[in-house]
């Protein structure tokens with residue numbers, strides 16, 4: 001039914017379709033367009049937006065399976081090599097599905113006493129009735145649909161990115177998406193014409209938000225794209241000699257007209273936008289991730305060059321001293337040192353969420369049930385709005401999914417980071433080592449920001465993060481220099497932008 005099963009890359013290369021136009025090109029381009037589209041309609045937070053995103057993902061998967069049934073594509077070996085993260089994601093989806101299965105009240109009382117008590121308080125509820133573990137089943141259904149899309153995007157990344165060319169193109173597209181969001185957000189602030197997604201902004205005026213609803217979420221998304229962009233910059237090796245002044249002058253002239261300079265300017269625009277969000281943790285996460293991963297890469301790398309050291313140092317110095325001084329980094333520093341109403345409210349939410357975790361420690365209240373579950377706890381309304389998410393994704397994930405669910409996700413993310421670090425240490429390919437640097441930086445930046453915000457509750461950010469988490473396995477197993485999968489001649493060097 002599904003062709004010949006898993007082929008080796010050598011076997012696939014002998015097939016006629018492997019030497020011509022790839023049959024999954026349309027699916028791959030649809031995959032790339034989705035990554036650019038996802039942040040545009042308010043980052044997918046509206047029901048219709050994430051509904052479109054889900055349908056888009058399912059359509060891509062269905063299209064790829066149709067090609068597989070026809071024998072036009074094969075299951076790459078990377079699926080077997082990445083079986084551990086895929087198993088973890090499968091367990092995660094099954095775990096979420098368990099929250100929707102009606103269970104006898106005796107079993108519920110055994111595994112989650114507070115859940116049984118909540119159902120017992122429902123008017124007219126019979127003691128013999130079976131009920132699910134989730135306190136908000138409709139919210140869990142939505143969470144399961146979103147989670148399925150995220151897992152399928154991870155799988156699609158492994159299935160579609162079969163060469164270095166496609167992996168670099170994928171990263172270029174994400175850098176372009178970040179550049180668009182950064183330029184749009186900064187231009188709205190500078191011109192005073194502040195619109196989000198087709199609608200004029202009612203709040204957060206004077207702050208860069210792009211097409212996101214909140215400035216902190218734009219900062220989180222840009223940090224993901226910045227990490228990959230910096231990795232792409234590091235992926236370009238320099239093989240020329242700098243022994244004489246003529247060679248150095250020639251190198252400077254080449255750099256002024258190179259893709260490196262263009263990419264560096266794109267990164268500066270994104271750094272400007274991060275600063276213009278005035279997000280304290282967003283800015284801190286970027287600079288801290290650059291410094292921490294830079295030091296980690298230098299201390300653990302067997303192949304670090306002077307160029308790598310100079311590039312990392314220049315990124316830190318130029319972005320902090322030049323870009324920051326022009327576009328308001330001092331205001332961000334001032335906000336970091338000031339405790340305000342927003343900070344105290346976040347602390348109150350964290351206390352309430354910790355109480356929720358103590359009441360539902362192992363299994364939580366169910367994915368997507370945070371808002372309903374928190375109504376039992378006295379929490380002041382945040383800035384006149386309503387409470388839909390906590391301001392610490394670690395706590396919210398644990399409150400909804402319990403310690404068991406949190407450990408599944410933590411293991412998956414940790415495995416991706418460790419794999420990226422191992423690739424960076426062991427591989428000689430500048431491309432693979434540069435990309436893993438960017439992946440590690442993106443992961444660290446987002447993990448830092450999760451301590452004070454909820455970026456993984458935003459569909460566009462979660463979708464992008466899942467794609468990034470698939471890259472370590474690709475860099476570990478793809479052969480460097482494998483550009484000719486579309487029938488073209490192999491390239492001699494990496495083209496970044």
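The values are calculated or read from the model by the stated rules, or taken from the named source; none is laboratory data. Given the structure is predicted, the values throughout are model-derived calculations rather than measurements. FYI the Cβ positions are ideal-geometry reconstructions off the backbone, even for glycines, and counts take in every protein chain you see.
Among helices (runs of 4 or more DSSP H) entirely within segment 278-389, having at least 2 residues that are modelled with pLDDT of 60 or more singles out 280-300, 306-317, 341-359, 370-373.
Here segment 419-453 is the region considered, the condition is being surrounded by fewer than 24 Cβ atoms within 10 Å (Cβ to Cβ) and over 26 Å from residue 260 (Cβ atoms), and the residue that is farthest from the chain's Cα centre (by Cα) is 422.
The condition of being closer than 30 Å to residue 416 by Cα, out of contact with any helix residue (DSSP H, G or I) (no Cβ under 6 Å at 6 or more places or on another chain), crowded, with 16+ Cβ neighbours inside 10 Å and touching a residue at least 60 places away in the same chain (Cβ under 8 Å) holds for only one of 143, 82, that being 143. Could you give every pair whose Cβ atoms fall below 8 Å, whose first residue belongs to segment 179-205 and is on the phi > 0 side of the Ramachandran plot and part of a loop (DSSP other than H, G, I, E, B), and whose second residue is modelled with pLDDT of 80 or more and surrounded by 15 or more Cβ atoms within 10 Å (Cβ to Cβ), counting only separations of at least 6 or pairs across chains? Once the first residue is on the phi > 0 side of the Ramachandran plot and part of a loop (DSSP other than H, G, I, E, B) and sits in segment 179-205, its partners that are modelled with pLDDT of 80 or more and surrounded by 15 or more Cβ atoms within 10 Å (Cβ to Cβ) give 204/214; 204/215.
Among the candidates 76, 104, the residue that is surrounded by fewer than 19 Cβ atoms within 10 Å (Cβ to Cβ), farther than 21 Å from residue 177 by Cβ and either touching a strand residue (DSSP E or B) at 6+ places or on another chain (Cβ under 6 Å) or modelled with pLDDT under 95 (or both) is uniquely 104. Of the residues making up segment 19-57, just one is free of Cβ contacts under 8 Å to residues at least 12 places away in the same chain and in a loop (DSSP other than H, G, I, E, B), namely 46. For segment 31-44, the set of residues classified as in contact with a helix residue (DSSP H, G or I) (Cβ under 7 Å, 6 or more places away or on another chain) and surrounded by 18 or more Cβ atoms within 10 Å (Cβ to Cβ) consists of 31, 32, 34, 35, 38, 39, 41, 42, 43, 44, listed by residue number.
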